[in-house]
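A short write-up of the structure that comes next.
The values are calculated or read from the model by the stated rules, or taken from the named source; none is laboratory data. Computed from a predicted structure; not experimentally measured. Here the Cβ positions follow ideal geometry from the backbone for every residue, glycine too, while neighbour counts run over all protein chains shown. Protein only, heavy atoms only, side chains kept; ligands, DNA and RNA dropped before computing areas. Shrake-Rupley method; radii C 1.70, N 1.55, O 1.52, S 1.80 Å.
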Amino acid sequence: MKYGVNEHGYYGDFGGAYIPEMLYPNVEELRQKYISIINDPDFKAEFDDLLKNYVGRPSPLYHAKRYSEKYGANIFFKREDLNHTGSHKINNAIGQILLAKRLGKKRIIAETGAGQHGVATATVCALMGIECVVYMGEIDMARQAPNVSRMKMLGATVRPASSGSKTLKDATNEALRDWIGNPVDTHYIIGSVVGPYPYPDMVARFQSIISEETKKQLVEHTGKQLPEYVLACVGGGSNAMGMFYHFLDDEDVKLVAVEAAGKGVDSGESAATTFLGQEGVLHGSRTILMQTPDGQVVEPYSISAGLDYPGIGPQHAHLYKINRAQYVSVTDDEAMKAGLLCSQMEGIIPAIESSHALAQLEKMTFKPDDNVVICLSGRGDKDLDTYIKYFGY
Ligand SMILES: *Cc1c(COP(=O)(O)O)cnc(C)c1O
């Protein structure tokens, strides 16, 4: 695959495994075994069965008729919002728990920001009867209390990260510390296409089911495998990577990645990484991240907790740098408006993350025959409070 990872774990200038020496055995074990495990027919059969009968895949590719009329093209929603637990995150969590079992691991750790990845991880641990510890920033625990309760009800232990800014990056640091202390029996389920190699490639492979299904479904709808445009929002970049994966080598397909501009790219309250970031190392890989001139990570901001991340995965950094995908950004206000529009025109309340991808439609012009696929990465139930506060219902 032209845009895939090379044998050293790099995508062009980005990727690699920048880890403390004490993590080396864990990451090296994964690196040596992940491809053969994922390609094993038994693994594939179990993964496919759970995706079908537990997650509810294939997720529909829905032709949004009123949107199509409004935007003057054939608009399709890839309905990851209909998955069990409400987003694309469960695809990766299922893949990694099956991998952990085959590595003989007895305990799972994860980090979570908004709680969506924590819930997906707690869910698959309950499914497999494996102990689960989720690290979450103290501030995030207060902001996302319902997801903390969900994780606890699912049997997970939620440990507060109380250092630094008490948010996602601090939770990630705590999870890494735990992994260093428990290298033999514990697997760390990372929630996006970030982290040291092989995580970005492994997570992209698990999420690639999104574009694999989309190609087949497009044939049913349009008679063609390839759309003109594919759009997805980017936090760390896992739903976008899954949505882009099987279209990467089809150079005529225009890939559009939508970052969160927060209150505006120049406002000082933003998460538009490609606009504001420079090259550096974040969470174990060389990528593009928001940082001060002396290399300290800048706190990101977005109204959407899932896009509130100071970096992007290394494969995205590469696709950005070589211009294979276009990276754009959408503000809080534009996203919220798009979320309301989708609710009232299509009867679908999207996650605020997904609303960012929808908002990009306003800024594009299409030909009437264009086929446009948008990844609806999650449902809006978790965001109801934020929508309500914003619109004053
Ligand atoms: C977590 C999340 C995202 C952002 O994560 P990516 O890894 O960039 O996909 C987007 N949408 C939803 C619904 C999420 O829960």
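Miscellaneous remarks
- The residues of the chain have, on average, 39 Å² of accessible surface per residue, using a 1.4 Å probe with all protein chains present.
- Whole-Å semi-axes of the ellipsoid equivalent to the range 1-135 (Cα gyration tensor, √5λ, descending): 31, 21, 16
- The listed residues LYS389, LYS65, once ranked by accessible area (1.4 Å probe) with the largest placed first, stand as LYS389, LYS65.
- Per-residue HN-Hα couplings for the range 21-34 [Karplus 6.51, -1.76, 1.60; θ = phi - 60°; Hz; x = Gly/Pro]: 3, 5, 8, 3, x, 5, 5, 5, 4, 4, 4, 6, 10, 5
- Computed over the range 287-351, the quotient of the alpha carbon radius of gyration and 2.2 N^0.38 Å is 1.41.
- Estimated vicinal HN-Hα couplings, Hz - the range 46-63 in sequence order (Karplus 6.51, -1.76, 1.60; Gly, Pro = x): 5, 4, 4, 5, 5, 4, 6, 8, 9, 7, x, 7, x, 6, x, 9, 9, 7
- Other-chain or far-sequence residues with amide H under 5 Å of TYR301's (modelled H): SER270, ALA271
- 3J(HN,Hα) from dihedral phi, the range 306-322, Karplus parametrisation 6.51/-1.76/1.60, rounded to Hz, x for glycine, proline: x, 9, 7, 10, x, x, 9, x, x, 5, 5, 4, 5, 4, 5, 5, 9
- Cα-projected label distance for MET1 with ASP266, points at 7 Å along beta-carbon direction, nm: 3.8
- Stokes-Einstein diffusion for the range 37-105, with the hydrodynamic radius set to the Kirkwood value over Cα pairs and evaluated at 4 °C in a medium of 1.567 mPa s, equals 94 µm²/s.
- Label sites at ASP381 and ASP48, each approximated as a point 7 angstrom past Cα along Cα to Cβ, lie 2.9 nm apart.
- Coordinate range of the alpha-carbon atoms in the range 85-167 per principal axis, descending: 36, 25, 19 Å.
- For the chain, the C-alpha radius of gyration divided by 2.2 N^0.38 Å, with N the number of residues, is 0.91.
- Greater than 28 Å apart at Cα, pairs in LYS169/LYS321; LYS215/LYS389; LYS44/LYS321; LYS78/LYS224: LYS215/LYS389; LYS44/LYS321
- Residue separation of ILE180 and ILE35 scaled by 0.36 nm, minus their Cα-Cα distance, works out to 49.9 nm of gained length.
- Of the solvent-accessible surface of the chain, computed with a 1.4 Å probe over protein heavy atoms with every protein chain present, carbon and sulfur atoms account for 51 percent.
- For GluC sites (Glu not before Pro), the sites in the range 240-337 that DSSP calls loop and that have at most 12 other Cβ atoms within 10 Å are GLU251.
- Unsatisfied cross-links (Cα-Cα over 25 Å) in the set LYS254/LYS363; LYS2/LYS105; LYS33/LYS152; LYS254/LYS367: LYS2/LYS105; LYS33/LYS152
- Residues LEU127, LEU248, sorted by accessible area with the largest first, give LEU127, LEU248 [1.4 Å probe; ligands and nucleic acids excluded].
- Taking a point 7 Å from the Cα of GLN326 along the Cα-to-Cβ direction, the residues of the range 198-236 with backbone N closer than 16 Å to it are 227-234.
- Debye-sum result for the range 301-393 in log10 I(q)/I(0), which assumes one identical scatterer on each alpha carbon, at q = 0.15 Å⁻¹: -0.65
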